[in-house]
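Read through the structure below, which is laid out as structure tokens, and then see the notes.
Laboratory data are not the source of any read-out in this text; all were calculated from the coordinates shown. In this text the structure is predicted, and so the values were computed from the model without any measurement. No Cβ is skipped: glycine too gets one built from the backbone with ideal geometry, and neighbour counts run over all protein chains shown.
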Amino acid sequence: MSTSATSGGASEQSNASGGVPQTPDEPEMSVRTAFAGMRRVADVVFRAGCPDCRGRFELGAGALRLAIGASSKTTFYSFTCPECGALVRKPAGERVVELLTGGGVRTLRLHSTL
């Protein structure tokens with residue numbers, strides 16, 4: 001899954017190339033850091049695929065749902081395939097959760113009652 005986002009304007013934190021500067025202590029930029037200082041996020045699009053019809057398409061944040069559970073087995077995202085109508089549910093690792101939440105996907109936290 002990949003994502004793209006556009007900003008409503010340049011941020012004070014941006015460097016000359018338009019990115020957020022990284023420090024030597026931070027070798028990889030997080031999604032939160034990448035979105036820091038943005039005034040507005042518009043047209044966030046996620047690429048997805050359907051395992052049933054093998055369709056490949058782009059979905060807006062409103063078409064996806066993210067459920068975060070207590071383990072990796074209970075953390076997933078879901079959507080309805082726009083081509084065949086199948087309900088698709090896929091596991092969401094840490095990076096996918098970060099991308100989806102940073103892109104404005106609605107999130108449901110699952111709690112255990114133990």
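Side notes on the structure shown:
- Separation in nanometres of the label points that stand 7 Å from Cα toward Cβ, at E98 and A86: 3.0
- Other-chain or far-sequence residues with amide H under 5 Å of A92's (modelled H): T75, F76, Y77
- Electrostatic bookkeeping for F79 treats Lys and Arg as +1 and Asp and Glu as -1; over the other residues with beta carbon under 14 Å from its beta carbon, the sum is +3.
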